[in-house]
Amino acid sequence: MFDCQGHIIDGDNNGYDYGIYLSGKQNNTIKNCVITDFWMEIRLDASSNNKLIGNTVVNSTGHGFGVYLTNSSNNTLTNNSMNSHNQCGIYLLNSSSNTIISNTVNSNDVFGIRLYGSSSNTIINNVANSNPYGIYLDYSSDNNTIANNNANSSWYGIYLDYSSNNNLLTNNKASSISLCYSSNNNILTDNTVSSSKHNGIKLDYSDNNTITNNNVSSNGDDGIDLDYSDNNTIANNNVSSSKYNGITLDYSDNNTITNNNVSSNGDDGIDLDYSYNNNITSNTVTLSEYNGITLDYSDNNTIINNNVSSNGDDGIDLDYSYNNNITSNTVILSEYNGINLDYSDNNTIINNNVSSNGDDGIDLDYSNNNTISGNTANDNAYEGIFLDDSHNNTLMGNTANNNPDDGIFLDSSSNNTLTFNTANNNSYGIQLYISSNNTLTFNTANNND
């Protein structure tokens, strides 16, 4: 055991030197040292089963490091303070099965804690604040556990990069969490991610990750953002007060977004751009500044059993999006339309409650070959169902009652089929204006003005 008892080991602030250096050593304990002004304050090289306890290391010279482990395993770093280094507080290079617990790693110039090619480490209860990167894993740093850490006031709180896979991130408080460049099969659960300058949780070219039970709030861009990332699960998260969208998918396919509470975001609640075959189910999306759920140039998605209410534009909005399934959603109290389709064809809109919206219940503009069936579109401010320059659509078994204008209104729309619809207590039950070759059979329109 080497116990400094609080004494100082002071370097000359010049050159590539070490305060304490272990090479090929095992079973040593270094404790209660104050080490300063070396290139690396403590370095372990090919050393195992050592303990670093209660040391204070500060002010490395040049591109310096607090504690540097290379090719070292089964070491324990506990209750150390490693602040204000030019490069990194704790750096593990090709080092595995180490335990880093209850250390303070603040105000370093680049990284608080960095793992490079290092796997099966445990990083628990550390404070890594005010670093550009709080905790950073890259180049196949796999199977690590990162739990109960605080990585706030950093540009990136926790960052996984370049094929860092199968890591568990749980119960951390971080300004952001990012998974980039083939960081796959990671689990992010029960984290608090807030007050980021950019996205709260960001996935970039990363697949098969699970993001669940996180609280993501007050971030400077989107709450959760997926770019070119497929087959991920986003479930049971609270996503609120983002500057832009709550959840965004760009060029991201086959993801599942389910049981999230998405509220009070500055743009859309959930936004898909050029994203295909995603499942959006059982989410609550409220109080967005613009749309609740938006699909732009996004095809073959499923939107089922969502509660979409009190959003500042449309409840569900599709633009240039095809072959989507919108079923059994509750879409109410939108500022404008409940469900809106612009230039969107071959979609299925079935069994939705689209009522009490500030414009129309369901609105199709320049949208063709859609099926609108079994929906309830009552008590909207204008029309229950409105087709504008939209053709070859099927409206079947819908209820459009108590709308101040029309129950169902077709404007410049041809070759549509309307059958078994009910349109009662509106200004007009069913109205066709400059619309030809439509088929109306077995509809009910009573007590209209």
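The values are calculated or read from the model by the stated rules, or taken from the named source; none is laboratory data. All values reported here derive from a predicted model rather than from experimental measurement. A quick note on method: Cβ atoms are made from the backbone with ideal geometry, for glycine too, and the neighbour counts reach across all protein chains shown.
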Could you list, in sequence order, all residues of region 333-354 that are assigned to a loop (DSSP other than H, G, I, E, B) and farther than 17 Å from Asp365 by Cα? Leu333, Ser334, Glu335, Asn351, Asn352
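Out of Ser413, Ser435, report the one residue that is among the hydroxyl-bearing types (Ser, Thr, Tyr), under 41 Å from the mean Cα position of the chain (by Cα) and surrounded by 15 or more Cβ atoms within 10 Å (Cβ to Cβ). Break it down stepwise before answering.
On the way: Ser435 fails: under 41 Å from the mean Cα position of the chain (by Cα).
Testing whether each residue is among the hydroxyl-bearing types (Ser, Thr, Tyr), under 41 Å from the mean Cα position of the chain (by Cα) and surrounded by 15 or more Cβ atoms within 10 Å (Cβ to Cβ) leaves just Ser413.
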Cβ pairs under 7 Å, 6+ apart, first in region 292-316 and touching a residue at least 40 places away in the same chain (Cβ under 8 Å) and closer than 21 Å to Ser240 by Cα, second in a loop (DSSP other than H, G, I, E, B) and of a type in the set (A, V, I, L, M, F, W, C): Asn311/Leu287
Ser130 touching a Ser or Thr at 6+ places or on another chain (Cβ under 8 Å), over 19 Å from Ser176 (Cα atoms) and either of a type in the set (S, T, N, Q) or assigned to a strand (DSSP E or B) (or both): no
Return only the number of the condition from (1) under 40 Å from the mean Cα position of the chain (by Cα); (2) part of a loop (DSSP other than H, G, I, E, B); (3) farther than 21 Å from Asn353 by Cβ that Ala381 does not satisfy. (3)
Regarding Phe442, is this residue among the aromatic types (Phe, Trp, Tyr), farther than 20 Å from Ile293 by Cα and crowded, with 20+ Cβ neighbours inside 10 Å? no
Mind listing whichever residues of region 74-102 are in a loop (DSSP other than H, G, I, E, B), modelled with pLDDT of 95 or more and more than 17 Å from Thr56 (Cβ to Cβ)? Asn74, Asn75, Asn94, Ser95, Ser96, Ser97, Asn98
Could you list, in sequence order, all residues of region 133-172 that are crowded, with 24+ Cβ neighbours inside 10 Å and in a loop (DSSP other than H, G, I, E, B)? Ser141, Asn144, Asn149, Ser154, Ser164, Asn167, Asn172
With a cut-off of at least 1 residues that are more than 26 Å from Thr376 (Cα to Cα) and of a type outside the set (Ser, Thr, Tyr), name the strands (runs of 3 or more DSSP E) lying wholly within region 235-332. 238-240, 247-250, 270-273
Sort out for me the strands (runs of 3 or more DSSP E) sitting completely within region 177-234 that have 1 or more residues that are closer than 14 Å to Asn152 by Cα and modelled with pLDDT of 95 or more. 177-180, 192-194, 201-204, 215-217
Can you go through Lys202, Lys197, Lys173 and tell me which one is under 16 Å from Asp227 (Cβ atoms), among the basic types (Lys, Arg) and touching a residue at least 24 places away in the same chain (Cβ under 8 Å)? Lys202
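Within region 377-386, does at least one residue satisfy the condition of being acidic (Asp, Glu), in contact with an Asp or Glu (Cβ under 8 Å, 6 or more places away or on another chain) and more than 17 Å from Asn426 (Cβ to Cβ)?
Just the residues of region 377-386 that are acidic (Asp, Glu), to begin with: 379, 383.
Applying the additional criterion that residues be in contact with an Asp or Glu (Cβ under 8 Å, 6 or more places away or on another chain) yields 383.
This time we only want the ones that are more than 17 Å from Asn426 (Cβ to Cβ), so: none.
Scanning region 377-386 turns up no residue that is acidic (Asp, Glu), in contact with an Asp or Glu (Cβ under 8 Å, 6 or more places away or on another chain) and more than 17 Å from Asn426 (Cβ to Cβ).
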